[in-house]
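To start, the structure under review is shown below, and the notes come after it.
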Amino acid sequence: MDIYVDTANLAEIEQANRLGLADGVTTNPTLIAKENGEFKEILKGICQEITGPVHAEVLSLDYENMVKESKELAKVADNIVIKIPMIHDGLKAVKALKSEGIPTNVTLIFSAGQAILAAKAGATYLCPFLGRLDDISSNGLELLSTIRTILINNPDLDAKIIAASIRTPIHVVELASMGVDILTIPSKVLKQLENHPLTDIGIEQFTKDAEKFM
Ligand code: G3P
């Protein structure tokens, strides 16, 4: 299982990297807009910090400009992966980019049908957003499980799942239990995973008792 950090903030990426929690990075226009600096400069800084894949999303929504923008973004660094939205022109762009050896991640996937089309178009990664489904009382984890079953039962669909829009430690535990290939996790959730009140109580007790030997 790979863990990516879901942020464009360099400090958060460095912190995750120090814990072995940055096998890759996913960004999107919203995450990049939170940072200061030019779009490509922010990406360059991230690509210098980690050796794994750095996912950067195109802003265009038409086929020609998506392909053009993708080729420009791919020049930023060797570890750039192009994020393409799950729309008709996006599928066409994914197919074209596949033929040119440019890896793609089809993002904003919310159904198994969309995942099938993205995989058939040649996407390297499929990026379903489970938290946003939970937000509208749909079962995000169920979707991830269905997509994983489809990929297992159809080995010709050679794509990896990146579970995104992860909002809680329980999402992480359930996805890991499912065997999902990659989880992209916000720093806030990574921090939540570290902590447990019983650990704090145990440390406090050990420290108090160790005073006897200090
Ligand atoms: O990588 C996609 C992720 O950043 C979206 O998360 O919480 O905005 O649904 P969220």
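None of the figures in this text is laboratory data; all of them are computed from the coordinates on show. Keep in mind the model is a prediction, meaning the values are calculated, not measured. Neighbour counts run over all protein chains shown; Cβ positions are idealised from the backbone, glycine included.
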* **Full-stretch length increase - residue 156, residue 207 - with 0.36 nm per residue and alpha-carbon distance subtracted** => 12.8 nm
* Using a simple spin-label model with points 7 Å from Cα along the Cα→Cβ vector, what separation in nm is obtained for residue 11 and residue 64? -> 4.4 nm
* Going through the stretch 15-73, which GluC sites (Glu not before Pro) have at most 10 other Cβ atoms within 10 Å and a DSSP loop state? -> 38
* To do: List the lysines whose Cα lies under 20 Å from the Cα of residue 68, skipping any in the same chain that are fewer than 8 positions away.
  => 40, 44, 83, 92, 95, 98
* **Relative contact order (%) - criterion: Cα under 8 Å, at least six apart; region: the chain** => 17 percent
* Radius 13 Å from Cβ of residue 200, net charge of other residues (Lys, Arg +1; Asp, Glu -1) -> -1
* Across every pair of different alpha-carbon atoms, what Kirkwood hydrodynamic radius in Å does the chain reach? -> 18.1 Å
* To do: Could you tally the net charge around residue 39, taking each other residue with its Cβ under 12 Å from the Cβ of residue 39, Lys/Arg +1 and Asp/Glu -1?
  => -4
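Please compute the net charge surrounding residue 179, taking Lys and Arg as +1 and Asp and Glu as -1 over other residues with Cβ under 14 Å from its Cβ.
Numbers: positive: 148, 160; negative: 2, 174, 181.
Summing Lys/Arg as +1 and Asp/Glu as -1 gives -1.
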* To do: Note down the Stokes-Einstein diffusion coefficient of the stretch 23-80 in µm²/s, whole number, using a Kirkwood radius over alpha carbon pairs, 20 °C, and 1.002 mPa s.
  => 183 µm²/s
* Asked: How far, in nm, would the chain grow between residue 40 and residue 100 when pulled straight, counting 0.36 nm per residue and subtracting the alpha carbon separation?
  -> 19.5 nm
